[in-house]
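Here's the structure, in structure tokens; my notes come after.
The values are calculated or read from the model by the stated rules, or taken from the named source; none is laboratory data. Remember, it's a predicted structure, so these values are computed and weren't measured experimentally. Methodologically, a virtual Cβ is constructed for each residue, glycine included, from the backbone with ideal geometry; neighbour enumeration extends over all protein chains shown. These accessible areas exclude ligands, DNA and RNA; they are computed on the full protein's heavy atoms, side chains included. Shrake-Rupley method; radii C 1.70, N 1.55, O 1.52, S 1.80 Å.
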Amino acid sequence: MKNDLLLVEKYRPKKIEEIIGNEEAKATFVEWLKGKRKSKKAVLLYGPPGVGKTALVNAASKEFGFSVIEMNASDTRSEKAVNEIAKPATSYLALDTFTSESKGNVLFLDEVDGIAGNEDRGGVSAIIEIVEKAQVPVIMAANDPEIDKLRPLKKVCLLIRFHQIRLPLLISLLQKICLLEHVKADFEALEHIAQNSKGDVRSAINDLQSLSEENHVLTLQDTMALSSRNKDISQDETLRGFFSAKSVEEVSSLLFRSSVDYDEFIMSVSDNLPRRYTNPDELAAAYDFVSKADVFRGRIGTEYWHLLKYFFNALSEAAAVAPESYKPFELISPPIRIITLFWTKGKRTMLDGICGKIGAQCHVSHSKAKHDFVPFVKMIIQKQKSTDLISWLELTPEEVDFLVKMNRY
Ligand SMILES: Nc1ncnc2c1ncn2[C@@H]1O[C@H](COP(=O)(O)OP(=O)(O)OP(=O)(O)O)[C@@H](O)[C@H]1O
Ligand SMILES: [Mg+2]
């Protein structure tokens, strides 16, 4: 499945009927949009990420002949900014409803929960004012409507709740995509992807794409990397289990279930090996396996997850060089933790910087840049080595390297 396009883009629903799940929420929204919105002028769609909120607003507006004027609430740091963007829009919108061929416009404030922190004082009340003055439908979307500062907004809106997409629906969507993309996928593999996505269609489709990019075949084994990324066994717990395991198989299955960051985990294992093996030969053998694991980790990079089993095997061998000589020992934790904390913080900072640059150039919020743009930019840079894009976004060589190698966003 070599695609120059992200599948989430390719299969972005264009019609309401293509949006799976949340039938009640969809119906309520459509009723409201079609004009039965007498009680409330505005609507707030809320629920977990990647379930089709933004997709519904765009598909439904198109189907019913509305043009969407999008305003990103995360960009509106102040009342002034809200007024600058939205107020002229609302007054012109009111005129436009009489002149345009279309049914008129809808104002769409996506990600309103992005209005965060003290600096936004005024942002919410300005939006409420817009809702009150607007003569066109105002649509808002958010992930977490429980945030205190959104409470006043909830009073002026019809609230429509979205839920995670149920497993069977998600699996059949993945099956449909596989059919169209000529991927031969085992049912169990798709089931596993769907389960791991926790009902988030965007992340399920992204996982499907990254796991089947190389081959057109997808087995349950190929999707194992996902559960190891998602299950919750802490780093310390995994480390302890790693050293006390009795066999390669035991370690391997532990690693499959753990959510550790593999790069960090290799560092921790290396730090602790001398405490585990006092015999120099055993220690040397164990380091040898760790270095092999490290090579596999490098080959896996960001996409060759089917090599994960070799990585696990090599690392497991390091733990099981001499099971009979195991004695409980105190794990080295503070020094390595300091290093790794720095390291992961470095990764976060790097991603934040990149999202900031994308946001500034593309006029989108930080969160939109992260979810919708970063995967795109990463793909364009990886596949087409687009130097134009790199210089347009003013990305540094380190940032480009980071993007190309990153495997989670
Ligand atoms: N219910 C769905 N049916 C079909 N495809 C979907 C659905 N939900 C999400 N997708 C896919 O995921 C992508 C992202 O969906 P969308 O932007 O609508 O999510 P969202 O609910 O607005 O998430 P967020 O809260 O992060 O903004 C879509 O382009 C589409 O490919
Ligand atoms: Mg959205």
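Within region 260-274, residues that are free of Cβ contacts under 8 Å to residues at least 60 places away in the same chain have Cβ atoms under 9 Å from residues that are open to solvent by less than 30 Å² (accessible area, probe 1.4 Å) and part of a loop (DSSP other than H, G, I, E, B) in these pairs: Val260/Ile233; Phe265/Ser258, counting only partners at least 6 apart in sequence or on another chain. Scanning region 263-287 for residues that are assigned to a loop (DSSP other than H, G, I, E, B) and open to solvent by less than 30 Å² (accessible area, probe 1.4 Å) yields one hit, Tyr277.
Scanning region 22-40 for residues that are crowded, with 19+ Cβ neighbours inside 10 Å and out of contact with any His (no Cβ under 7 Å at 6 or more places or on another chain) returns Ala25, Lys26, Phe29, Trp32, Leu33.
Which members of region 11-42 meet the condition of being within 14 Å of ligand 2 (Cβ to nearest atom) and of a type outside the set (Phe, Trp, Tyr)? Once the filter is applied, which keeps residues that are within 14 Å of ligand 2 (Cβ to nearest atom) and of a type outside the set (Phe, Trp, Tyr), region 11-42 yields Arg12, Pro13, Ile19, Asn22, Ala25.
With respect to Ala194, is the statement that it is within 24 Å of Ala25 (Cα to Cα) and small (Gly, Ala, Ser) true? Judged against the criteria, Ala194 is a match. Here Ala25 passes the criteria (1) at pLDDT below 95; (2) within 28 Å of Asp207 (Cβ to Cβ); (3) in contact with a strand residue (DSSP E or B) (Cβ under 6 Å, 6 or more places away or on another chain); (4) not charged (D, E, K, R) except the one numbered (1). The helices (runs of 4 or more DSSP H) located wholly in region 203-262 that include 3 or more residues which are within 16 Å of the chain's Cα centre (by Cα) and modelled with pLDDT under 85 occupy 224-230.
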